Amino acid sequence: MTENKDWLVIGIITSSHGVEGKLNIRSLSDFRERFTQPGKRWIQKDNEEPIPYNLISGVQKPGKSSFIITLEGIKDRNEADNFKQYKLLVKSDDIPKLKDNEFHLNQLIDLDVKLNVNSKIKIIGTVVDLITENSNLIVVRLNHNNKNVLIPFVKEIVTNIDRKNKYLIIDPPKGLLDL
């Protein structure tokens, strides 16, 4: 079995499109080229071993964050229907180049979360997951009670990210960390 850390989930197959085996994809990526540029992709059901496919083509639906893609070997609607709710993957090292001060959300996983308390910076938890479906949230496991809290990933709350030293600093509104 392949480790989950070897893969990035870039989308979810939501349905077939038309009769020629095309697939509707809900994007979980900020990089449209992952759905439009031909090349190797993988699909995965639940936690089974990913299956390699070649992306032949893809187009973005106007005004939406979803795509219609064609994968080599999926020839008709019946075949395409079998892949509903499968994940579309790329290898985790297949990440587009970014500018300085830019990063990929998955690079936040395992960072320490720090908070300024009485003019002292203290570690309060760790980023354990991300929720990117409708809004960008980081899931932080708090050290003091081992519970998870959802923190909106906005610059007003996540004020500093230091990937080199593996931490981020938050300035949450009153009550956000209360459980």
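Coordinate-derived values only; no laboratory data. Please read these numbers as outputs of a predicted model, since none were measured by experiment. Counting neighbours? That spans all protein chains shown, and the Cβs are built from the backbone with ideal geometry, glycine included.
For this structure, a couple of remarks:
- Placing +1 on the Cβ of every Lys and Arg and -1 on the Cβ of every Asp and Glu, with nothing else charged, gives the chain a dipole about its Cα centre of roughly 400 debye.
- Computed over the chain: relative contact order in percent, which uses C-alpha pairs under 8 Å that are six or more apart: 18
- Shape of the chain, Cα gyration tensor, a/c cut at 1.5: prolate
- Peptides ranked, highest mean first, by Cβ atoms within 10 Å: ranges 107-118, 34-45: 34-45, 107-118
- In this structure, LYS61 and ASP110 have a Cβ-Cβ separation that, at R0 = 41 Å, corresponds to a calculated FRET efficiency of about 0.75.
- In the chain, helical runs assigned H by DSSP with n ≥ 4 each contribute -39500 (n - 2.57); averaged across all residues and rounded to the nearest 500, the mean residue ellipticity at 222 nm is -1000 deg cm²/dmol.
- Positive-pole candidate from ILE123, ILE170, ILE157, dipole of region 105-170, charges at beta carbon: ILE123
- Antiparallel DSSP beta bridges within the chain, percent to nearest 5: 90
- Were the residues from GLU49 through ASN136 laid out at 0.36 nm apart, the gain over their Cα-Cα distance would be 28.6 nm.
- Taking amide H as placed 1.01 Å from N in the peptide plane, TYR53 has its amide H under 5 Å from the amide H of ARG41, TRP42, ILE43, each at least 5 places away in sequence or on another chain.
- Reach of LYS64 by Cα under 28 Å, taken over lysines that are not fewer than 8 positions away in the same chain: LYS22, LYS40, LYS45, LYS75, LYS84, LYS87, LYS91, LYS97, LYS99, LYS155
- Straightening the chain between VAL117 and GLU156 buys 12.3 nm, computed as 0.36 nm per residue apart minus the Cα-Cα spacing.
- Look at HIS17, HIS144 and count the other Cβ atoms within 10 Å of each Cβ; fewest to most, that gives HIS144, HIS17.
- Computed FRET value (nearest 0.05) for VAL128 with GLU33, which takes r as the C-beta separation and R₀ as 30 Å: 0.55
- Within the listed set GLY125, GLY73, GLY58, the Gaussian network model of the chain (springs between alpha-carbon atoms below 10 Å) gives the highest mean-square fluctuation for GLY73.
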